[in-house]
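Encoded as structure tokens, the structure appears first; notes follow it.
The values are calculated or read from the model by the stated rules, or taken from the named source; none is laboratory data. Values in this document were obtained by computation on a predicted structure and should not be read as measured data. Cβ placement follows ideal geometry from the backbone for every residue including glycine, while neighbour counts extend to all protein chains displayed. With ligands, DNA and RNA removed, areas are computed over all heavy atoms of the protein, side chains included. Shrake-Rupley method; radii C 1.70, N 1.55, O 1.52, S 1.80 Å.
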Amino acid sequence: MNERIKCEKYLSKVMSAQDAAKLIYPGATIGMSGFTPAGHAKAVPLAIAKRVEETGEKLNLTVMTGASVGDEIDGALVRAGAMKRRTPYQTNSTVRNAINAGEVDYFDVHLSQMAVWAKNGFFGEIDFAIVEIVGIDEEGHLIPSTSIGMANTYIDCAKHVILEINTSQPESLKGIHDVYTVERVPNSQPIPIVHPEDRIGTEYYPCDFDKIAAIVFTDIPDHGRAVPPVDETSQKIADNIIEIITKETQAGRLSVPLPPLQSGVGGVANAVLAGLKKSDFTDLKVYSEVLQDAVFDLIDAGKIAFASGTSLTVSPDFEEQYHANFENYRGKIMLRPQEISNHPEVIRRLGIIAMNTAIEVDIYGNTNSSHINGTRIMNGIGGSGDFAQNAGLSIFMTPSTAKNGALSCIVPFVTHVDHTEHDIHFLVTEYGYADLRCLTPRQRAHAIIENCAHPDFRPMLREYVNRSCKECAAQQTPHILKDVFKDK
């Protein structure tokens, strides 16, 4: 304990996870640390789930996080029947199924807006913050773990704070964090970031000692998701994006070195970043949410000079290399609160190249990133809207088909709109890309069908567009609405 808690008075707050779980009362709203399962609370949520399973209590908890978290929260609490409401973003199948079944209430929020909503009281009172840290220094400062996400805001806003000191995470994480909180309007000031490496805050979470209700020790590690190998489709999408960026620099529309990069998570996104390793681009910088395997691989290759995010998420296959080279990484990475990593002001100022994935895209450029058939939630909007609306260059990518080629991902009209036609500059599939800037709706439709749709589905899409333009000749955006969803 003394190795991780260097300020002696904090030792009086140490208790078991089971005792900390007893502090949670029915109907509580809890803000939990964690972002894309890294740095999330683990021991106390598991103890809460066990308490409910043993007592049969109806806690009806509202659970807020930074983004997706591990099964210790979104699995265990749902299976125990302890979770009633959830926001903002999730990827766990247990909570997803409960949301779609109507057993857990879910409301989706842009990740950049979460801190604003919490500080302005939109969520009501936040009763508890349960936050993973790696230790407490001599001054009583809380040293963050592998993500920041919303943790600093939950600590500030909650009535009570429960800390989990995770001994599976090295104390060497100290120093990579930059904790900065934006004041509420009318006291907010410009965020002084003009380069991704600019440090503007502290290396720790400040927290009033009297707010701390419990300190729990745990050694439950993060469980990063496996990154699928780069397949042919992902490689072609990556190659197309590299071609776009290359042409944009040659035309003088992108600077060299490139503006900072943002990329979503997953196999396609990882493939895009990996594609940069083979490119001629150097001195790259990243201003994103998640720093994943490909980011560290690019640092090792001498391609990335600096990377800013809000979470460190490495796959099991990459863990050994990550830990072995961490001292090389620590001077080239920084973790910030998601309010800063996703802030529109900073994204706009830096001219970010934003690369995000979609489930489906329609012929006019509207994208659906969160729902299947417009009804079943998959994960949520996450931070893609923050970046797409404010990026210097906004790229959306998707395979041209789903379900082994049975379904086209290019459709007449998306079944759910997360990002409108105004938020996308380029659409990319394995078949090519469409530059949608400055095009009319009818021009966008032809560009998307001819450059991005799978050849098997192009005749049907062409027929729909031609028929719509004929029957709706006086319309700016031709649609035969009675037909667009008839096969859904």
Self-check item: Number of the exception - K9 against (1) open to solvent by 50 Å² or more (accessible area, probe 1.4 Å); (2) of a type outside the set (S, T, N, Q); (3) within 25 Å of the chain's Cα centre (by Cα); (4) within 22 Å of F209 (Cα to Cα)
Solution: (3)
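With segment 259-335 as the region, which strands (runs of 3 or more DSSP E) entirely inside it contain at least 2 residues that are of a type in the set (G, A, S) and either surrounded by 21 or more Cβ atoms within 10 Å (Cβ to Cβ) or at pLDDT below 95 (or both)? Reasoning before the result, please.
On the way: elements: 261-263, 284-287, 304-309, 333-335.
Passing ranges, in order: 304-309.
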Self-check item: Pick from segment 214-238, criterion of a type in the set (S, T, N, Q) and assigned to a helix (DSSP H, G or I), ranking: surrounded by the most Cβ atoms within 10 Å (Cβ to Cβ)
Solution: S234
Quiz item: What are the residues in segment 70-108 that are in contact with a strand residue (DSSP E or B) (Cβ under 6 Å, 6 or more places away or on another chain), touching a residue at least 60 places away in the same chain (Cβ under 8 Å) and β-branched (V, I, T), if any?
Solution: I99
Self-check item: Qualifying positions in segment 154-172 - open to solvent by 10 Å² or more (accessible area, probe 1.4 Å) and polar (S, T, N, Q)
Solution: T167, S168, Q169, S172
Self-check item: Members of segment 344-370 found to be more than 24 Å from Q443 (Cβ to Cβ), out of contact with any Gly (no Cβ under 8 Å at 6 or more places or on another chain) and surrounded by 21 or more Cβ atoms within 10 Å (Cβ to Cβ), listed by number
Solution: V346, I347
Quiz item: Which of the residues that make up segment 387-399 are in contact with a helix residue (DSSP H, G or I) (Cβ under 7 Å, 6 or more places away or on another chain) and either open to solvent by 10 Å² or more (accessible area, probe 1.4 Å) or farther than 28 Å from T246 by Cβ (or both)?
Solution: Q389, N390, A391, P399
Quiz item: Which numbered condition trips up G39, out of (1) of a type in the set (G, A, S); (2) closer than 22 Å to P337 by Cα; (3) outside any loop (DSSP other than H, G, I, E, B)?
Solution: (3)
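How about segment 361-460: which strands (runs of 3 or more DSSP E) wholly inside it have at least 3 residues that are touching an Asp or Glu at 6+ places or on another chain (Cβ under 9 Å)?
Working: elements: 393-397, 426-429, 432-435.
It comes to 393-397, 432-435.
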Quiz item: Of the numbered conditions (1) in contact (Cβ under 8 Å) with a residue 40 or more places away in the chain; (2) in contact with a His (Cβ under 8 Å, 6 or more places away or on another chain), A388 satisfies every one except a single condition; which is it?
Solution: (1)
Quiz item: Looking at A67, A101, which is the one that is among the aliphatic types (A, V, I, L, M) and open to solvent by 10 Å² or more (accessible area, probe 1.4 Å)?
Solution: A101
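Quick grid of which residues meet (1) farther than 23 Å from G385 by Cβ; (2) without any contact (Cβ under 8 Å) to a residue 60 or more places away in the chain; (3) surrounded by fewer than 17 Cβ atoms within 10 Å (Cβ to Cβ); (4) not basic (K, R):
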| position | (1), (2), (3), (4) |
| --- | --- |
| L427 | no, no, no, yes |
| Y433 | no, no, no, yes |
| L436 | no, no, no, yes |
| Q443 | yes, yes, yes, yes |
| I448 | no, no, no, yes |
| P455 | yes, yes, yes, yes |
| A473 | yes, yes, yes, yes |
| K486 | yes, yes, yes, no |
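Out of the strands (runs of 3 or more DSSP E) lying entirely within segment 53-165, which hold 3 or more residues that are closer than 30 Å to G175 by Cβ? Before you say what the answer is, go through the steps one by one.
Details: elements: 61-64, 83-87, 128-136, 142-144.
The qualifying strands (runs of 3 or more DSSP E) are 128-136, 142-144.
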Practice problem: Only residues that are touching a strand residue (DSSP E or B) at 6+ places or on another chain (Cβ under 7 Å) and of a type in the set (K, R): list them for segment 164-198, please. | Solution: K174
Quiz prompt | Options P412, P459: the member that is in contact (Cβ under 8 Å) with a residue 12 or more places away in the chain and either open to solvent by 10 Å² or more (accessible area, probe 1.4 Å) or in contact with a Leu (Cβ under 8 Å, 6 or more places away or on another chain) (or both) | solution = P412
